[in-house]
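Presented below is the structure to which this report refers.
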Amino acid sequence: MNISTPLNATRRGFLAGTGALVVSFAIPAVAQEGEVATPATPAPQNPDLPGSLAETPSLDAWIRIDANGKVTVFTGKVELGQGTKTALRQIAAEELEMDPASIELITADTGQTPNEGYTAGSQTIQNSGTAIRHASAEVREIMIRQASEKLGIPAEDLRAENGRIVASDGRTLGYGEIVADDLLHVDATGNVPLKSPDSYHAIGKPFARVDIPAKVTGGAAFVQDLRPEGMLHARLVRPPTYTARLVEIDEDAITSMPGVVTLVRDGDFLAVIAEQEFQAITAMRAAYATAKWDEKENLPDQNDIPAFLESAVSETGSVASVGAESVSGARTLQAQFTRPYQMHGSIGPSAAIALFENDAMTVWTHTQGVYPDRDALAEMLDLPPEKVRCIHVEGSGCYGHNGADDAAADAALIAKWLPGKPIRVQWTREQEHLWEPYGAGMLTRVSATLDDSGKIVDWRYDLWSNSHSTRPGSAGSLMAARLMGRHFQLEPAKLQISPSGNGDRNAIPLYDIPNQRVNWHFVPDMPVRVSALRGLGAYCNIFSLESFMDELAEAAETDPVEFRLRHMTDPRARTVIETAAEKFGWSDDPLPQGRGRGFAFAQYKNHAAYLAIALEAAVDRETGIVKISHVACAVDCGEAVAPDAIINQTEGGIIQSMSWTLYEAVQFDRTRIQSPDWSAYPIARFSAIPDSIEVAVVDNPGTPYLGVAEAAQGPTGAAIGNAFRHATGKRIHDLPFTRERVKTVLGV
Amino acid sequence: MKLTVNGTAHEVDADPSTPLLYVLRNDLGLNGAKFGCGLGQCGACTVMVDGKAVFSCLTPVMLLEDREIKTVEGLGTIDNPGPMQTAFIEEQAAQCGYCIPGMMMRAQSILEANPDATDDELRHGLEPNLCRCGTHMRILRAVSKARTLMKSASAAPAVERA
Amino acid sequence: MKRLIVRFVILLAIVAAGLFAYAWKPAIDPATPPQRADFDQELIEKGAQLAAVGNCTACHTNPGGRSFAGSFAMPTPFGIIYSSNITPDPETGIGQWSEAAFSRAMREGVSRDGSHLYPAFPFDHFTRVSDEDNKALYAFLMTRPAVKQSPLANELPFPLNIRFVLAGWKLLFFDEGAHQNVASRSDEWNRGAYLVDGLGHCGACHTPRNAFGAEKPDAYLAGGEAEGWSAFALNEASPAPVPWTADSLYAYLRRGWHADHGVANGPMAEVTGNLGLLPDSDIRAIAVYLESLMGTPSAEREQRGEQALKAAAASDLVLASASGAQDDTPAARGETIYYAACATCHDSNRPQPFGGSNLHLSSALNAPDPQNAINVILFGLPAASGRQSSIMPGFAAIMNDQQMSDLLAYLREEFAQQPNWDDVASRLTDTRSGKYHVSVRPSDGIERGPDNVGAKDQ
């Protein structure tokens, strides 16, 4: 795959309009489930259609067939390292009766693809996959109908095979021979049956990821690898704090350095542009050393985040209110949990390339949402949205709203100053660590009452949190727009309670509990910049409630797995719980001193993938080191399109969550963030990785796709906490489980 | 100045204090080594110099005259991948893949120095390299597989290898 | 003549008998391992602090192994000694040791079975520890998880492998007895002296040793060696560019770093890591005592310290760049290397303690020998797993001996205003080849517990 092709093609013809491609879907106004205040996906045109077809019903928005038979599939979703490019090909190939490798796939590009909002919330296969599946089936049926007319053979005597329609008499017609101008420019009907699982040749079958060969041989695989002709290198000079104001910079000293083309200064936005990359770096260092800023002390006390959250509540929303107000039982337990601010920490700092030419802006970006990003950029640049095109190119691993959109804005803002020159912005490690929006700090309090038979009869859960999304859609979400002279402001955060949840994601236990009160105490102020991090509130909520389930199990003198099953009627939940326990070899056999077992379960968002996990941990009380030795996990995400990708994502989620749980907290004083690199914000290294992780995929062919990529975050954290409790008899309520905290909790 | 990269001598016109990473990527058009931190903390930029793994982001080219530099492009091509690359493809050992070339180069240096490195030695040796996607289990599997493939590759007659 | 011989033989027998009487120590009967309930929790907690002062875990835990289970290899000039298992396992640890046996080991350097212990176990310091503190240490160790792990056999040549010989060593070099307070000094000072000379056994690394491996009494804390690192002088010969004060010593020992001195490194990192358990008052006492040893700095030293601080502050502001001198001297070549390879971190005003330290303040570059500078440049500072730590890449694979020697010449000239050390070449060769053994550890003061990662030995 050659990623530089679209860039070159664009340089030649995008702005003139190549006409090669008819994109006939409207660009509607927008609403994204759960995550955002600013709506992101278009309003449904036909809400009855499956997946993203509801918003973009026209078949040719999804599938194009050339006269030579080449099939191109379009998705508004992007590859984030989760294997999307491969899985979506498998889905299209299945219904089109083709080889997945022969399908061309175009991912998010405002110039070409449907608007599917953000690639977030583990919804790619659920939304885009479903749309492409149905669109492909409908296209296949159209091909058969057309062939029936051309060949004069009844449709039931025709079948699709290998990209052709094959008649019972042996005659065949290729898709390219059938397709005519506007043939696919029709809306989906939603009435075409999908293939049955027993006839699958692509879905659920092992296909090698299409992107890996280039990535292991030095191919241009990432936005960082694009080098268009005439490109200039830009480096940013960010303020020392979010709100610092630029007082003074010796511009001449910087611009007179070798290779420096210019210094861009717009309010507090500062960047150096040079011909060569190292020249830009050298100039950036000089600018950092000489720029003077006015800083304010306005961060909360890192050591008392609960106090900040409790003091800053604007309103309280009821997430769930079920059953009686007041219930008495045999025994009531309560607990409080906290989570610090945590980082995405992509290994490759954010980057983007922007080109301003003929009054139009093109940006190559690793954003999760090309359309919302385009709208935000247009507002910032004071350009009509149709004059801004965002093309997605992969970046380093993305686990939510990181610096991608900001880097796109930085590049675009600079490019507008230097028309005709492709501008490459590459963030430094420090900029990524200090400026990405973090996963929000949280406080939770839970209390529950058990009856005499050891059943939970009452559940009260309160959480304190910011919104977990400040994604673009409007300019105020972009750092460059906030820093520039116009000083766009972030739109005020609003409390929104939705089925998918945000800070309250997974705040409602899936267990059968007759009386439940769940509240979100909403904190609008964001002195520490926050936004979506893999799982949003689900990580802390599941950590809290699954830790507490173990406390309740202990109070009820019941095995934790049995206790969960006692409160669970959903058969699919029961299956993953039982499967994980069995794969792990769950038992109450004694373990050597200092070792413990932990279990946890959740259905992500209470309507996506089911995941249960069991693991064993060793706790060294002398050093405070917690080491996970082995893990068994079961996951049910409906029909498994790409089982290996599901395993890969789940293993990754387990390891990432382990790192969050054991090690990670953004450090800050009252003025500055103090976690500028991997020294100050350590994450798991190889020595901490478990000896084994086994992931069992519970396949449910023919059932709807359930988002899976974020499902492991919460259960892993809770299972570690439960294993720690089992190993030591003590529970840690505050994340992360640093060595100091472990030693303090355990004493000597 | 002259730099020998993947067996080929290149004349590069760069400030001698430029870190190797930028010369590889911008002057020689090699994408394998990635910018990760510029501080020697993450290993995304790892390449080999005279068989040993080094952080190219912190290695000024002035120190590299007459040295053999090897990048992931020197391990094979997309059409004819070398043992390390084959192992990573076969084990599907990538999520985003950004850290992977650095992982491969460090593993390659360990195995070139000790073709019989144990799994523990490989795990320990990879410690300087970070992966944020959590692909560690697969990376370890791929590196173990590479150990086997490298041995059979070096045992095979030269003709077959070509 | 015959009578002379007889007399000589009799004399020899008497001396031998006397020596034997001196050397022979009885075994102390095995005791039933005590239970946790046998000790007050308070006593155990006090013992934990004392064990931290003693840095027991450093030698009695093998990296990657269980805490206190021993078998850690300690290279000495005489051969390799493996540490013993001091968990309460009855068979392989000290489970059968009574408190009396434990106290005797601390006081006299004698094992429960009566055999002499090698002075790698610093009984020459531990003899100063009070009975009360030994009681607490005993309570702490006997309540650790028991680990069954037999210690590895020492690798020592004859006759050093005969423990009886150690009696002779003790006769010559061992000064048994509890710590004596100096009446003219404050309680705080005396407390500091007790911790430094006793459990802290600072002299084990910071005092030079004689040919028999004993600390030289006339060079108390004058600078020694530990695991391939120079342990700097803690007296008036301290090489720190900015003179230490009680306040800076306190901050350094408390946090593992000080802005004027950099981060604790090599084996010292573990020491400061362990001291984390200690109350502030004890750390303060150690600082006060050490400051008194260093004495009041001369006006000239004070002035040099101020200059170093000024230079360090100035390099925050000026853009790092070479002077442009074109001389083909080692230091000029080294300067070019410094600005290309080192200045990114060391001249970039990155926040301490995790940013590169400012070399104007480096003790290593002002030290009498280049060993620590060589160690750090060759091997760097490995990252600690899951814990904040300074990280520095090693340059062993990047720079050859010539380049490194040039670099050192520049560093020495620029940051210590002294000519290059004259033994750089030989030390570089031996350190790089592993002939000179260096242990490389994360700089965060991590204890040598399980998976003390990033740790490796060169």
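The values are calculated or read from the model by the stated rules, or taken from the named source; none is laboratory data. None of these values were measured; they are calculated from a predicted model. Every residue, glycine among them, receives a Cβ derived from its backbone with ideal geometry; neighbour counts consider all protein chains shown. Protein only, heavy atoms only, side chains kept; ligands, DNA and RNA dropped before computing areas. Shrake-Rupley method; radii C 1.70, N 1.55, O 1.52, S 1.80 Å.
Okay, residues lined up against (1) farther than 17 Å from A:Ser318 by Cβ; (2) among the small types (Gly, Ala, Ser):
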| position | (1), (2) |
| --- | --- |
| A:Thr444 | no, no |
| A:Asp452 | yes, no |
| A:Lys455 | yes, no |
| A:Trp459 | no, no |
| A:Arg471 | yes, no |
| A:Ser474 | yes, yes |
| A:Leu478 | yes, no |
| A:Arg482 | yes, no |
Discussion item. Give all pairs with beta carbons closer than 9 Å in which a residue from region C:1-25 that is within 18 Å of C:Lys170 (Cβ to Cβ) meets a residue that is at pLDDT below 70 and in a helix (DSSP H, G or I); count only pairs at least 6 apart in sequence or on separate chains.
Written reply: none
Fill in: Of residues in region A:63-89 being under 27 Å from A:Asn648 (Cα atoms) and more than 14 Å from chain B (Cβ to nearest Cβ), the one surrounded by the fewest Cβ atoms within 10 Å (Cβ to Cβ)
A:Thr72
Worksheet item: Does A:Arg725 satisfy the criteria of being assigned to a helix (DSSP H, G or I), away from chain C (no Cβ under 14 Å) and open to solvent by 20 Å² or more (accessible area, probe 1.4 Å)?
Response: yes
Practice prompt. Return only the number of the condition from (1) open to solvent by less than 10 Å² (accessible area, probe 1.4 Å); (2) in the same structural domain as A:Ile132 (by TED's automatic domain parsing); (3) in contact with a Pro (Cβ under 9 Å, 6 or more places away or on another chain) that A:Asp187 does not satisfy.
Written response: (1)
Discussion item. Show me the helices (runs of 4 or more DSSP H) entirely contained within region C:29-148 in which 1 or more residues are among the β-branched types (Val, Ile, Thr).
Written reply: C:41-54, C:56-60
Practice prompt. Consider A:Thr744 carefully, then state whether it is open to solvent by 30 Å² or more (accessible area, probe 1.4 Å) and at pLDDT below 95.
Written response: yes
Response to the item:
The condition of being crowded, with 24+ Cβ neighbours inside 10 Å, more than 26 Å from C:Ala340 (Cβ to Cβ), within 7 Å of chain A (Cβ to nearest Cβ) and small (Gly, Ala, Ser) holds, among B:Gly36, B:Gly97, B:Gly76, only for B:Gly97
Discussion item. Anything in region C:120-144 that is of a type in the set (Lys, Arg) and closer than 20 Å to C:Arg36 by Cβ? List them, or say none.
Written reply: C:Lys135, C:Arg144
Practice prompt. Would you check if there is a residue in region A:633-642 being over 23 Å from A:Gly585 (Cα atoms), away from chain C (no Cβ under 11 Å) and assigned to a helix (DSSP H, G or I)?
Written response: no
Worksheet item: Given the structure, is A:Ala680 open to solvent by 10 Å² or more (accessible area, probe 1.4 Å), under 25 Å from the mean Cα position of the chain (by Cα), in the same structural domain as A:Ile577 (by TED's automatic domain parsing) and within 23 Å of A:Cys398 (Cβ to Cβ)?
Response: no
Worksheet item: If you go through region A:300-312 one residue at a time, do you hit one that is more than 14 Å from chain B (Cβ to nearest Cβ), open to solvent by 70 Å² or more (accessible area, probe 1.4 Å) and touching a residue at least 60 places away in the same chain (Cβ under 8 Å)?
Response: yes
Worksheet item: How many residues does region A:689-722 hold that are within 14 Å of chain C (Cβ to nearest Cβ) and open to solvent by 10 Å² or more (accessible area, probe 1.4 Å)?
Response: 1
Worksheet item: Being under 23 Å from C:Asp423 (Cβ atoms), polar (S, T, N, Q), under 19 Å from the mean Cα position of the chain (by Cα) and assigned to a helix (DSSP H, G or I), is that true of even one residue in region C:395-403?
Response: no
Fill in: Subset of region C:413-443 [in a helix (DSSP H, G or I), open to solvent by 10 Å² or more (accessible area, probe 1.4 Å) and more than 29 Å from C:Ala384 (Cα to Cα)]
C:Glu413, C:Glu414, C:Ala425, C:Ser426
Practice prompt. Kindly provide the set of residues from region C:140-164 that are without any contact (Cβ under 8 Å) to a residue 12 or more places away in the chain and among the aliphatic types (A, V, I, L, M), ordered by number.
Written response: C:Ile162
Worksheet, complete the sentence: For region C:343-359, the count of residues that are assigned to a helix (DSSP H, G or I), within 28 Å of the chain's Cα centre (by Cα) and at the interface with another protein chain (Cβ under 9 Å from one of its Cβ atoms) equals 1
Worksheet item: Residues in region B:41-48: is at least one on the phi > 0 side of the Ramachandran plot and either within 9 Å of chain C (Cβ to nearest Cβ) or buried (at least 21 other Cβ atoms within 10 Å of the Cβ) (or both)?
Response: yes
Worksheet item: Does region A:193-205 contain any residue that is polar (S, T, N, Q), open to solvent by less than 40 Å² (accessible area, probe 1.4 Å) and in contact with a Gly (Cβ under 8 Å, 6 or more places away or on another chain)?
Response: no
Worksheet item: Only one of (1) without any contact (Cβ under 8 Å) to a residue 40 or more places away in the chain; (2) in a strand (DSSP E or B) is not met by A:Ala684, so which one is it?
Response: (2)
Worksheet item: Quick check: is even one residue across region A:464-474 hydrophobic (A, V, I, L, M, F, W, C) and either under 29 Å from A:Gly397 (Cβ atoms) or open to solvent by less than 20 Å² (accessible area, probe 1.4 Å) (or both)?
Response: no
Worksheet item: Condition test on A:Ala609, is it away from chain C (no Cβ under 14 Å), aliphatic (A, V, I, L, M) and in contact with a Leu (Cβ under 9 Å, 6 or more places away or on another chain)?
Response: yes
Worksheet item: Consider B:Asp13 against the criteria (1) more than 7 Å from every other protein chain (Cβ to nearest Cβ); (2) open to solvent by less than 10 Å² (accessible area, probe 1.4 Å): it satisfies all of them except one. Which criterion is unmet?
Response: (2)
Item to complete: Can you run down the residue pairs with Cβ atoms below 6 Å, 6 or more apart or on separate chains, where the first is in region C:340-360 and within 23 Å of C:Ala251 (Cα to Cα) and the partner is at pLDDT below 85?
Response: C:Asn349/C:Asp316
Worksheet item: Quick check: is even one residue across region A:222-239 in the same structural domain as A:Gln431 (by TED's automatic domain parsing), under 30 Å from B:Glu73 (Cα atoms), open to solvent by 10 Å² or more (accessible area, probe 1.4 Å) and basic (Lys, Arg)?
Response: yes
Discussion item. Restricting to region C:57-77, count the residues that are open to solvent by 40 Å² or more (accessible area, probe 1.4 Å) and either over 21 Å from C:Gly434 (Cβ atoms) or touching a Ser or Thr at 6+ places or on another chain (Cβ under 6 Å) (or both).
Written reply: 3
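Residue by residue, here is whether (1) over 21 Å from B:Lys52 (Cβ atoms); (2) open to solvent by 60 Å² or more (accessible area, probe 1.4 Å); (3) at the interface with chain A (Cβ under 10 Å from one of its Cβ atoms) holds:
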| site | (1), (2), (3) |
| --- | --- |
| B:Asp116 | no, yes, no |
| B:Arg132 | yes, no, yes |
| B:Met137 | yes, no, yes |
| B:Thr148 | yes, yes, no |
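Among residues belonging to region B:76-102 that are under 17 Å from A:Ala221 (Cα atoms) and of a type in the set (A, V, I, L, M), point out the one that is nearest to the chain's Cα centre (by Cα).
Selected residue: B:Ile100.
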